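Quick notes on the structure that follows.
The values are calculated or read from the model by the stated rules, or taken from the named source; none is laboratory data. This is a predicted model, so every value here is computed, not measured. Positions of Cβ are generated from backbone atoms using ideal geometry, with glycine treated the same way; all protein chains shown enter the neighbour counts. For the accessible areas, the whole protein counts, side chains as well, though only heavy atoms, and no ligand, DNA or RNA atoms are used. Shrake-Rupley method; radii C 1.70, N 1.55, O 1.52, S 1.80 Å.
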Amino acid sequence: MTRNIAPINNTENHPLSKYYQFQSRIYDMTRWSFLFGRRQLIRTLPIPKKKSISILEIGCGTGKNLVQLAKKYPHAEITGIDLSEEMLQICRKKITPYQGRISTIKGAFGEVTFRENFDLIVFSYCLTMVNPGWDRLIDQAKSTLKTGGVMAVVDFHDTAVSGFEHHMAGHHVRMDGHLLNVLPKKFRQHEQQIAKAYFGAWRWFMFIGYKKP
């Protein structure tokens, strides 16, 4: 399995780590109602199911995507990294049936060194919460991908409802379409979709692209 080889910095004082100390208790009960497109992203991945690959999910949270990735790719070596110990505690219970195939790391992506690059990197409702620094995470992910590797992102896109935008900002989420201004420039696009949620109250997007040579 791919493992980190650098010390993991203390992350307890990171704003997102503090945020999820409580949110971890209600995350799985509530997020299904507005984190759309996660299963669709995994279904749409262009990598053949029987291929032996290495996968990294950044901001793996409670492990929903890790389990789905393990089911789709039974020969994959999968790593999840997250800042929140509370979220990872829930995650570790979910991935118990996949011990030996899925590993987790507590830490901040960019402060952890990996022995090798990955075939697939997944961001699921993570990048819009990293403000500032989302652009550095994209660049770091690109450098952590193998040439020809796949970058897969599903996240909030934008909203025309100022009250909702303000509400989400209170939950560390930026919603002004900034990610799709950058991702197609960094990766060769395979799939891109923007979809409405709750009759257009906001929009979410999915992007899948290849690392350019």
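Of everything listed in (1) within 16 Å of Gly59 (Cα to Cα); (2) open to solvent by less than 10 Å² (accessible area, probe 1.4 Å); (3) in contact with a Lys or Arg (Cβ under 6 Å, 6 or more places away or on another chain), the single unmet condition for Leu127 is (3). Take the conditions (1) modelled with pLDDT of 95 or more; (2) at positive phi; Gly133 misses just one of them, which is (1).
Select from region 69-82 the residues that are touching a residue at least 60 places away in the same chain (Cβ under 8 Å) and either more than 16 Å from the chain's Cα centre (by Cα) or surrounded by fewer than 21 Cβ atoms within 10 Å (Cβ to Cβ) (or both) and list them in ascending order. Within region 69-82, Glu77 is the sole residue that qualifies.
Annotation: of all residues in region 178-197 being without any contact (Cβ under 8 Å) to a residue 24 or more places away in the chain and either farther than 15 Å from Gly37 by Cβ or among the aromatic types (Phe, Trp, Tyr) (or both), the one that is surrounded by the most Cβ atoms within 10 Å (Cβ to Cβ) is Gln189. When Gly110 is tested against the conditions (1) under 15 Å from the mean Cα position of the chain (by Cα); (2) closer than 29 Å to Ala195 by Cα; (3) of a type outside the set (Ser, Thr, Tyr); (4) open to solvent by less than 50 Å² (accessible area, probe 1.4 Å), the lone failure is (2). Please indicate, with yes or no, whether at least one residue in region 136-144 is small (Gly, Ala, Ser) and surrounded by fewer than 17 Cβ atoms within 10 Å (Cβ to Cβ). Checked against the condition, which is being small (Gly, Ala, Ser) and surrounded by fewer than 17 Cβ atoms within 10 Å (Cβ to Cβ), region 136-144 yields at least one hit. Do we find that Glu12 is over 16 Å from the mean Cα position of the chain (by Cα) and either modelled with pLDDT under 95 or not in a loop (DSSP other than H, G, I, E, B) (or both) in this structure? Considered against the rule, which asks whether it is over 16 Å from the mean Cα position of the chain (by Cα) and either modelled with pLDDT under 95 or not in a loop (DSSP other than H, G, I, E, B) (or both), Glu12 comes out as yes.
When the residues of region 148-172 are filtered to those that are touching a residue at least 24 places away in the same chain (Cβ under 8 Å), of a type in the set (Gly, Ala, Ser) and farther than 16 Å from Gln193 by Cα, the one that is most open to solvent (accessible area, probe 1.4 Å) is Ala160.
Taking the listed residues Arg188, Arg174, the one that is of a type in the set (D, E, K, R) and touching a helix residue (DSSP H, G or I) at 6+ places or on another chain (Cβ under 6 Å) is Arg174, with no other qualifying.
Select from region 198-213 the residues that are surrounded by 14 or more Cβ atoms within 10 Å (Cβ to Cβ), of a type outside the set (A, V, I, L, M) and over 15 Å from Phe36 (Cα atoms) and list them in ascending order.
Answer for region 198-213, where residues must be surrounded by 14 or more Cβ atoms within 10 Å (Cβ to Cβ), of a type outside the set (A, V, I, L, M) and over 15 Å from Phe36 (Cα atoms): Gly209, Tyr210, Lys211.
The numbered conditions (1) open to solvent by less than 10 Å² (accessible area, probe 1.4 Å); (2) not in a strand (DSSP E or B) are all true for Lys93 except (1). Within region 166-196, which residues are in contact with a Lys or Arg (Cβ under 9 Å, 6 or more places away or on another chain) and farther than 29 Å from Thr113 by Cβ? Within region 166-196, Met168, Met175, Gly177, Ile194, Ala195, Lys196 qualify.
Within the option set Thr62, Thr79, being polar (S, T, N, Q), under 22 Å from Asp155 (Cβ atoms) and assigned to a strand (DSSP E or B) holds for one residue only, Thr79.
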